[in-house]
Amino acid sequence: MYKIESRQENRPYPLGVTTTEFGYTYFSVVMKNGHDCGIVLYDKRTGKETRIPFSEQNKYGSIYSIAVKDLDINRYSYNFYDGDRVFTDPYVKLLHGHDKWGKCEELLKGGFIRPGYDWQGDKPLKIPYEESVLYCLNVRAFTKHKSSGVPHKGTFRGLTEKIPYLKELGITAVELMPAYEFDELESGNKKWPSEKRLPPLTMEEAKSRLAEKTEEEAEGKPPKEKYNCWGYTESFYFAPKSAFAADHDTVKEFKDMVKELHRSGIEVIMQFYFPHSVKMGMMLDALGYWVLEYHIDGFHLKGDRIPLQGIATEPLLTDTKLFYYDFPYGQIYEENEIPGYRNLGNYNDDYMYTVRSFLKGDEGMVGKFLDLQRKNPSVCGTVNYLTNYYGFTLADMVSYEKKHNEENGEQNMDGSDYNLTWNCGAEGASRKKYVTDLRKKQMKNGLSMLFLAQGTPLIYSGDEFGNTRYGNNNPYCQDNETGWVKWNKNALGKEISSYVKKLIALRKRHPILHNVKELKILDYIGCGYPDLSYHGEEAWRVDFGRDSRFAGVMYCGCYAQKDNGEEDDFLYIAYNMYWLPHTFALPKLPRGLKWCLLADTGTSEGIMEEPEYAGTEEPKQQAKAEPRTVQIYISKQEEGAKKDARRNYVKSAF
């Protein structure tokens, strides 16, 4: 039998419920009224309710706290009461009553977490931004489709079963859309029952409930089932979502997933959406809890009133990646201060819309495109993406110009009208070969730009093999074929998937493509070449005019060192987004080196196993790129040639 401990054993912090290995269970909660308040215990075996009242000796400010000794946490669930109001703990760490997707019990109740999970030495990975490749996914949609090939579809365990795929692809971090307890019923005709009143409804309350009937109910029709699959609502931020678990032990399944991802060198980033009603204290408590309890590597913060300075300067989070649109760096760091570990990251749509504009051939985009390809500030990371969970997928980005969200039931009024996409000549599905070939090339072009940029690349799940959502750019409520990732790849999907895998491997193989520091466009080590240079029809000269839609970019390998200690290669990328072929001037290389073609988005192979000699001879040094094509050239040693002495600067420069 449990017993109530004295005030000396009480702990007002942390809020919520904490169970220790020494037999103590601590309850701590903020009460609005604080009169006739306490804990409700529910016996799972008998259904009996027991109340443990708080007293003044349990009060610290507006926090009530009590310690219970030898409580059988497997037998009971709990809630709090405040007068006639019974409510679910806002800090609940395990939720009962919402274990199945789309179903809720009459009142949600809190559960207890058993202490003592064996992490087996696991800890967050702290992978630097320049070495990261991010993969955004929705836990349910990622493996729910029958083609996913995993036994536990739509769950944390299903994601765990996909780890070998993610590792083979080259992913270093998964970004999970809300995976804590949210109410998927809130967009439908039910209400998440997180509190109730004890007395019967008054006549006025009963009339109010009747007035809330939907139009379908008024006409005698059953309400249409509609789920909020994304979870961007006020939620229970401390509990992993039970409906995403294959097993009854949600907490263990989530921890097992994190541990297995870490073993494969993959970080776990979680999205947290905080609306205006959520206080700063709860935000900090939630983030810190997931770091300590679940070994989470980072958070993508979403919401308009996030206390960025407070979160970014929280000592517990200095080794944790934090993503937001933009941080007030002047309020976070001292003047000229460079953090020892870059944990903050800018995550906004600027790169996405710029690259989309350049990709489809809009005028005046060359300068901004090249600036964003180079962007890699020393104080923070930069997350780049072409697509995300909102908006079109990669395949839809080259197939649709207008959103097609009719199935969402909002008369196609939801979702963004600002997409900056091009359908390559036909809206939606097409069998015309010139259209499908162009779409395939445009996908490869966009992916090339993404993975050849200096910032951290992010892809949305399924984009690596051309998954479609049929033109729906806001499928938040599509718990079906539209919203799920479809893994049955066709020939196009296989080709795109192969290209993505090769691009990621190429990026990782060449450190000059993901440098630790931002490239300066200067020869600051005296090797005869700047770290980065721009070219056009003539070497060392690029056309930034409004009508220009092409540019050549050269990376000098003298400024980066491979894992084996050798200098990196010279790399030249020719971007031709014009609708006609274009000739690029290839800069002269150091003595003994020659340019070889490594990749061409106009070919089915994309990136070649063995580079081909470019066929350029002095003094011409030119390369021809077909319309809307990206080419990659790499320097190779000529047979019998000695290494140029000028290329021995990298070891002394860094």
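The values are calculated or read from the model by the stated rules, or taken from the named source; none is laboratory data. Quantities reported herein were computed from a predicted structural model and do not represent experimental measurements. Cβ placement follows ideal geometry from the backbone for every residue including glycine, while neighbour counts extend to all protein chains displayed. What goes into the accessible areas is simple: the full protein's heavy atoms, side chains included, and nothing from ligands, DNA or RNA. Shrake-Rupley method; radii C 1.70, N 1.55, O 1.52, S 1.80 Å.
Annotations for the structure displayed:
- Residue check, TYR578 of a type in the set (Ser, Thr, Tyr), out of contact with any helix residue (DSSP H, G or I) (no Cβ under 8 Å at 6 or more places or on another chain) and open to solvent by 10 Å² or more (accessible area, probe 1.4 Å): yes
- Screening segment 50-70 for residues that are farther than 15 Å from VAL29 by Cα and at pLDDT below 95 and picking the one that is surrounded by the fewest Cβ atoms within 10 Å (Cβ to Cβ) gives ASP70.
- Enumeration of residues in segment 606-634 that are among the charged types (D, E, K, R) and at pLDDT 95 or above: GLU626, ARG628
- Residues of segment 590-611 classified as in contact (Cβ under 8 Å) with a residue 12 or more places away in the chain and in a strand (DSSP E or B), total: 10
- The single condition from (1) touching a Phe, Trp or Tyr at 6+ places or on another chain (Cβ under 9 Å); (2) small (Gly, Ala, Ser); (3) open to solvent by less than 20 Å² (accessible area, probe 1.4 Å) that GLY446 fails is (1).
- Selection within segment 513-547 - among the hydroxyl-bearing types (Ser, Thr, Tyr) and within 32 Å of the chain's Cα centre (by Cα): SER533, TYR534
- Scanning segment 359-378 turns up one or more residues that are assigned to a helix (DSSP H, G or I), free of Cβ contacts under 8 Å to residues at least 40 places away in the same chain and either in contact with a helix residue (DSSP H, G or I) (Cβ under 7 Å, 6 or more places away or on another chain) or open to solvent by 20 Å² or more (accessible area, probe 1.4 Å) (or both).
- The condition of being buried (at least 21 other Cβ atoms within 10 Å of the Cβ), of a type in the set (D, E, K, R) and within 27 Å of ASP479 (Cα to Cα) holds for only one of LYS241, LYS302, that being LYS241.
- Restricting segment 103-120 to residues that are touching a helix residue (DSSP H, G or I) at 6+ places or on another chain (Cβ under 7 Å) and under 14 Å from PRO240 (Cβ atoms), the residue that is most open to solvent (accessible area, probe 1.4 Å): TYR117
- Residues in segment 236-274 that are of a type in the set (A, V, I, L, M), part of a helix (DSSP H, G or I) and either closer than 24 Å to HIS96 by Cβ or free of Cβ contacts under 8 Å to residues at least 60 places away in the same chain (or both): ALA243, VAL251, MET257, VAL258.
- Residue match in segment 388-398 (condition: touching a Cys at 6+ places or on another chain (Cβ under 8 Å), in contact (Cβ under 8 Å) with a residue 40 or more places away in the chain, open to solvent by less than 10 Å² (accessible area, probe 1.4 Å) and within 21 Å of ARG356 (Cβ to Cβ)): yes
- Screening LEU458 with (1) open to solvent by less than 10 Å² (accessible area, probe 1.4 Å); (2) over 19 Å from THR601 (Cβ atoms); (3) part of a loop (DSSP other than H, G, I, E, B) gives one miss only, at (3).
- Qualifying helices (runs of 4 or more DSSP H) (wholly inside segment 138-201; at least 1 residues being among the polar types (S, T, N, Q), modelled with pLDDT of 95 or more and buried (at least 20 other Cβ atoms within 10 Å of the Cβ)): 139-143, 156-161
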